[in-house]
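To start, the structure under review is shown below, and the notes come after it.
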Amino acid sequence: MRIFVASLRKLVRRPASWVTLLLTVVLLALVFLALGATARQLADEPGGEDVLLLLTFPDAYTNVLGFILGLGGLLAVIYGAAVAGSEWTWGTLKAAVARGEGRTWYLLMTFAAILVLLAAGLLLAYVAGVALAAIGALLAGVSTSGMGELDTLRRLPEQLARGWLALGEQAALGFAVATIARSQLAGVGVGIGAYFAESFASIFRLDIVQYLPFNAAGAVVPVGGSASAGGQPLPILDPNTAVVVVLVYLVAALVVAGLFTERAEIGG
Amino acid sequence: MSSTLALATQGLAKRFGPQVALDGLDLSVPSGVVYGFLGPNGAGKTTTMRILTGLIHADAGSVELLGAPFGRGHRRRLFEVGSLIEAPSFYPFLTGRENLRALAATGAPTPGRRVDELLEIVGLTDRARTKVSGYSLGMKQRLGIAAALLSDPRLLLLDEPANGLDPAGIVGMRDTLRALAASGKTVFVSSHILGEVQQMADVIGIVARGRLVREGSIATLLGTEGAVRVRVEPDQVVAATGLLERLAGEGSVTRLPGEEMAWIGVRHDPNRAAEVNRVLAEAGIYASRIEAGSDLESIFLELTAGEPAVSPPPMTPA
């Protein structure tokens, strides 16, 4: 427990935590304010009415979460990799192990602190995103009367929890890669590479790629509607199946990171 | 291994690929002393330190820490050991105090007030609220020493603790380590700075090519292993070596490397350096310099076959 609390304090004081949150909020602001400012003009063009729907509550609640998870997935990979990699790069894991601390325990407590930070970050970003979407709606002249729609509001905690799980899985992947690479930079690089490689591969074999970690994370939160290509629905995991797949990846990433750390020869 | 020892290793071996880092290292470190662990670069000092702190594991051999076996599964033995291995490790975005608090959350339970006590001891109270990224090398080193002392350890393992310290910092560190040994704790220090070790250590172990080549109390070593060094023209080395071997005995003369002029080391009572000079002069060999001493440098160079340590202090001219 001491390590968990200390890790939480470290992450709160870490500039990368705030930069990641700020970046998410700034990008959300850019998206929703730009949408709000241009939605009216776009709505007059063929198919442009969909743009207004993005800002229309209660659907905007889900849209905000969708934007955060789309954006936040990559940021979560980078954040997880940065935290795990820096333990090796700065030699702080070495210092803890030399004091007799359990390697796997230290690793797990560090990741538990990341999960808590992700939950807080997701919540803060979501509140900011909803506020920005409401401002965007006002700019576009779209009514915000749907904000109080009870059914959607009741579903929000579950959706946020699912989103948190998806971010946690992606952070765990970055965490594991950086642990194996023993480097912040290598972890971030490989994490980003894997993220884009999977996105690219989904163009060709979505039937397989849907089970890969980043696509599965993207399917955890039901966003409504269905993706299609050429009139054919694209194979995307059912949200509940996606939860199971994502949990498997999360646990597997931590087990791999733990085994590696337990057996590693720590130098430098 | 004896339980009166604070630290003992037996037949410790470690390879990194084809490179042999340790080749059957046997150490015996008595309790309550400052033990100077000396050796040239690549001799295996840091590898030994890493094994002793559980960062890596030996291929063969055994380790006993504070009277009990230490290996995989014995990490809690390190609760009574403090260490500073290679460069001190800290989070750059945290202050000195926050770093010590974060570290205190690992390993043995540490009282909260201990952090401030240690900052005071290492002279960092005024900079305790400064981020470590703004610390000088010497300040980081002092914070590293504070971190090693966090759990009030019975055994302290320090790898090159004087790195980056200014002269006042070195004196302060030496006094602190001597005081710790006087209070019954054991301090195991690896260093290249032979003069520093000579002033600080009670017992030394010299390691070369992964093996212990000499171990004993510093007083005994300095009393029995004095040396005289003579500098002659390169073309006079052979003749001088023969003469000096007749004086000091076979196997007691060594050609020392690293100079344009030839240095010859003779294991001989340093108080009788004039005798060496006389023998050479009578044969028409005039030494351009003679140095005599019973300091660690001569012992170190002789035992490690002349592999230099970093910045050895000069010997006293005879």
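Among the residues of the range B:189-208, is any of a type in the set (Asp, Glu), out of contact with any strand residue (DSSP E or B) (no Cβ under 7 Å at 6 or more places or on another chain) and in contact (Cβ under 8 Å) with a residue 24 or more places away in the chain?
yes
Please go through the range B:59-88 and pick out each residue that is in a loop (DSSP other than H, G, I, E, B) and surrounded by fewer than 23 Cβ atoms within 10 Å (Cβ to Cβ).
Residues satisfying the conditions are B:ASP59, B:LEU66, B:GLY67, B:GLY71, B:ARG72, B:GLY73, B:HIS74, B:GLU86, B:ALA87.
If you check A:VAL25, A:VAL64, which single one turns out to be of a type in the set (Val, Ile, Thr), surrounded by fewer than 21 Cβ atoms within 10 Å (Cβ to Cβ) and closer than 30 Å to A:THR110 by Cα?
Only one candidate qualifies: A:VAL25.
Can you tell me which residue in the range B:113-152 is farthest from B:LEU94 (Cα to Cα), limited to those that are of a type in the set (A, V, I, L, M, F, W, C), in a loop (DSSP other than H, G, I, E, B) and more than 14 Å from every other protein chain (Cβ to nearest Cβ)?
Only one residue fits best here, namely B:VAL122.
So which of A:VAL51, A:VAL25, A:VAL5 is among the hydrophobic types (A, V, I, L, M, F, W, C), assigned to a helix (DSSP H, G or I) and in contact (Cβ under 8 Å) with a residue 60 or more places away in the chain?
A:VAL25
Taking A:ALA120 as the residue in question, decide whether it is away from chain B (no Cβ under 14 Å), surrounded by fewer than 23 Cβ atoms within 10 Å (Cβ to Cβ) and touching a Leu at 6+ places or on another chain (Cβ under 7 Å).
For A:ALA120, the condition - away from chain B (no Cβ under 14 Å), surrounded by fewer than 23 Cβ atoms within 10 Å (Cβ to Cβ) and touching a Leu at 6+ places or on another chain (Cβ under 7 Å) - is not met.
Any idea which of A:THR110, A:THR104 is assigned to a helix (DSSP H, G or I), crowded, with 20+ Cβ neighbours inside 10 Å and within 14 Å of chain B (Cβ to nearest Cβ)?
One residue alone meets the criteria, A:THR110.
Please go through the range B:41-58 and give me each residue that is under 16 Å from the mean Cα position of the chain (by Cα), outside any helix (DSSP H, G or I) and buried (at least 21 other Cβ atoms within 10 Å of the Cβ), ordered by number.
Result: B:ALA43, B:GLY44.
Please go through the range A:1-54 and pick out each residue that is within 10 Å of chain B (Cβ to nearest Cβ), of a type outside the set (Lys, Arg) and more than 23 Å from the chain's Cα centre (by Cα).
A:MET1, A:ILE3, A:ALA6
Bear in mind these aren't lab numbers, they're just calculated from the coordinates by the rules spelled out. Treat the numbers as computed from the prediction; the structure is a model and nothing was measured. Every residue, glycine among them, receives a Cβ derived from its backbone with ideal geometry; neighbour counts consider all protein chains shown.
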